[in-house]
Amino acid sequence: MSAKIRNKPCINFENVSFGYRDGDVLQNVNLSLFPGEYVGIVGPNGGGKTTLLKLLLGILPLQKGSMFVDPAMRIGYVPQRLSQSVFDFPATVEEVLVNSLPRGDHRKAVDCALQITDTMKYKKRLISQLSGGERQRVFIARALVLSPRILVLDEPATGVDTPSQDVFYRMIDRLHALSGMTILFVSHDLEIVARETTRCLYVNRTVTSYSCPADILQHHHHV
Amino acid sequence: MFEIFQFEFMIRAFIIGIFLSVLAPVLGLFLVVRRYPGLADTLAHVSLAGVVLGFLLKIPPLLASIGTTFLAAIGMEAVRRKKIFGESVQVLFLSGGLAIATVLLRFDQGNRQEIFSFFFGSIATVSWQDVWITLITAVFALTIISLFYRTFFLVALDEDLAQAQGVRIHFWNFLFVALAALTVSVVMRVVGILLVGSLMIIPVLAALQFGYGFFRTMMIAIGISLFSVIAGLFFSYYIDLATGGAIVLIALSCFFGSFLYKHSS
């Protein structure tokens, strides 16, 4: 990976715990992420992967511990499951991107994000007319249009066919190499994580970090 | 010139109708895409309690209705946040509003006729005071929507995405239901409590059949709504039909027309 990784963390969790009514999902999580890293997040269902991301994004409130996110690092987010309303939302791809930005003329930024994700051809189409893979790429473009320095992808390839997944991973790889942005990528697929990322986190109530993602295959092949 | 415009009450009706035809589908589109279309009908029933209260306390019924509906909308959003299913919350407030109205009606003396005019709308009884309240409300609501159009769009698209961008969704949800409450109260004056949801929702459903993006759908819905209200006023005057019913029937015809257009092309 050509992206340069710097030493000062852009995200830091210290003893972070979070629980819902039926108990803790995350317990005493300590974690540092550095600018330019491409980090895979794996773990069993219900292990706390999405909760970890939602804490990071401020969607869930911090209950215990402390968390630091470098305020200079804007975060782009592509959720695991878009809400049901997105699937028949009457909006064009262009509207989804433009309305994600503050007021003003952002035509260049929109076109640039569409070009990077190879979705320019869908610009005038309704998001409801796109396939799962096309829609996912559009929502990556939506995240990119915000000029993020951290990109958070929560199981981005779920429900996408294999050829589209390959296109998708090449695109993320290229994006990481060119922009040097920090990428957090949640996936169920250990092989993909081992192949694509520079570091891997195993989340199951606590977080274990593997500096060599391939190690995850030996330790957690059952995931 | 049309004979219809020789009467001051019809001029008032056209002014109020045109403003409402723009306002109603704008809020209606957001209600439809948020899968919350029943909110309009619920608030309309709550507003009846406000109307009766207005007559009892001798304050303008439209103002009393705006106040009551506004409070109910805030209450609904607060209860919905406690994870009670959206639809169930609507039933709670719809029944509650209607129950309060029927109980309060017992104490009313001599205003039954006027109160019942709010059920089906009564364009003939619209006063200049009603016109001004409606204009101020419509301009206020449309200004807020156009200033924060992108935020309302994002929250309607996906709340998690909006929240991840730092949008305080609870605040925006409260603001949205408050605007919906204002809209329902003023729309009710023209088409009546029983048809208020129709003027907000049917033009939107008709516009959605054309399969355009969000903004164009909104503009088409406004066009259909304007056509329905203006044609409805003409029909009600020249053929002596109930205004609210005529407006909604024309909007319904537009819906069926666009539905047939979509499924035949």
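The residues of the protein assembly as shown expose on average 44 square angstrom of accessible surface per residue, using a 1.4 Å probe on protein heavy atoms.
A simple spin-label model places pseudo-atoms 7 Å from Cα toward Cβ; at A:Tyr20 and B:Lys262 they are separated by 3.4 nm. Here the Gaussian network model covers chain B, with springs between Cα atoms less than 10 Å apart; of B:Ala49, B:Ala24, B:Ala78, B:Ala78 fluctuates the most. Evaluated at q = 0.08, 0.10, 0.12 Å⁻¹, a Debye calculation over the C-alpha positions of the protein assembly as shown (equal weights, vacuum) places log10 I(q)/I(0) at -0.59, -0.82, -1.03.
How much net charge surrounds A:Asp118 when only other residues with a Cβ under 15 Å from its Cβ are counted (Lys, Arg +1; Asp, Glu -1)? Could you put the intermediate results ahead of the total?
Values: positive: A:Lys121, A:Lys123, A:Arg125, A:Arg135, A:Arg137, A:Arg142, A:Arg170, A:Arg174; negative: A:Asp111, A:Glu134, A:Asp166, A:Asp173.
Computed value for this residue: +4.
Using a Cα distance threshold of under 16 Å, what count of lysine pairs results for chain A when pairs must be 8 or more residues apart or interchain?
Details: A:Lys54/A:Lys64; A:Lys108/A:Lys121; A:Lys108/A:Lys123; A:Lys108/A:Lys124.
Step by step, the pairs that qualify in chain A add up to 4.
Once backbone amide H atoms are built at 1.01 Å from N, A:Ala157 has no partners under 5 Å, excluding neighbours fewer than 5 places away on the same chain.
Kirkwood radius, segment B:127-218, all distinct C-alpha pairs, inverse of mean reciprocal distance: 14.8 Å. Once B and A are treated as a pair rather than alone, how much accessible area drops out, both sides summed, in Å² to 100, probe 1.4 Å? The contact between A and B buries close to 2200 Å². Each stretch of four or more DSSP H residues adds -39500 (n - 2.57); spread over every residue of chain A, this sum gives -9000 deg cm²/dmol at 222 nm. Average 1/r across all pairs of distinct alpha carbons in chain A, invert it, and you get the Kirkwood radius: 18.0 Å.
If you run the Gaussian network model on chain A, springs between alpha carbon atoms under 10 Å, then out of A:Ala72, A:Ala177, A:Ala157 the most flexible one is A:Ala72. Label sites at B:Phe140 and A:Asp189, each approximated as a point 7 angstrom past Cα along Cα to Cβ, lie 5.4 nm apart. GNM remark for chain B: springs join alpha carbons under 10 Å apart, and the peak mean-square fluctuation among B:Ile222, B:Ile193, B:Ile11 falls on B:Ile11. Only helices reaching 15 angstrom along their own axis (Cα) with mean Kyte-Doolittle hydropathy no lower than 0.0 count here, and for the DSSP H runs of chain B these are B:8-33, B:38-57, B:61-81, B:86-105, B:128-147, B:169-191, B:196-208, B:214-238, B:243-264.
If you plug the beta carbon distance of A:Phe87 and B:Ala99 into 1/(1 + (r/R0)^6) with R0 = 30 Å, you get a FRET efficiency near 0.20.
Taking the C-alpha atoms only, the angle from helix A:107-116 to the longest principal axis of chain A is near 60 degrees.
Which value, in Å³ per residue, describes the convex hull spanned by the Cα atoms of segment B:40-82? All intermediate terms of the calculation are to be shown ahead of the outcome.
Working: hull volume 2.3 nm³, N = 43.
In segment B:40-82, the Cα hull volume divided by residue count equals 53 Å³.
At R0 = 30 Å, how high is the FRET efficiency between B:Arg106 and B:Leu71 if r is their beta carbon distance? Nearest 0.05 is fine.
Working: r = 22 Å, r/R0 = 0.73.
According to the calculation, E is roughly 0.85.
Suppose each label sits 7 Å from its Cα in the direction of the beta carbon; what would the A:Arg174-A:Gln115 distance come out to in nanometres? Result: 1.2 nm between the two label points. On the protein assembly as shown, 61 percent of the accessible area sits on carbon and sulfur atoms, based on a 1.4 Å probe.
Here the Karplus relation 6.51 cos²θ - 1.76 cosθ + 1.60, evaluated at θ = phi - 60°, turns the backbone of segment A:8-13 into coupling constants of 7, x, 9, 9, 9, 10 Hz, with x for every Gly and Pro. Computed on chain A, with alpha-carbon pairs under 8 angstrom and 6+ residues apart, the relative contact order is 29 percent.
For segment B:1-80, the Stokes-Einstein estimate of translational diffusion at 4 °C and a viscosity of 1.567 mPa s comes to 88 µm²/s, using the Kirkwood hydrodynamic radius over alpha-carbon pairs.
For chain B, the fraction of C-alpha pairs farther apart than 26 angstrom is 40 percent.
The values are calculated or read from the model by the stated rules, or taken from the named source; none is laboratory data. Because the structure is predicted, anything quoted here is derived from the model rather than measured. Glycine gets a Cβ as well: all are built from the backbone with ideal geometry, and neighbour counts include every protein chain shown. Note: areas computed on protein heavy atoms with side chains; ligands, DNA, RNA excluded. Shrake-Rupley method; radii C 1.70, N 1.55, O 1.52, S 1.80 Å.
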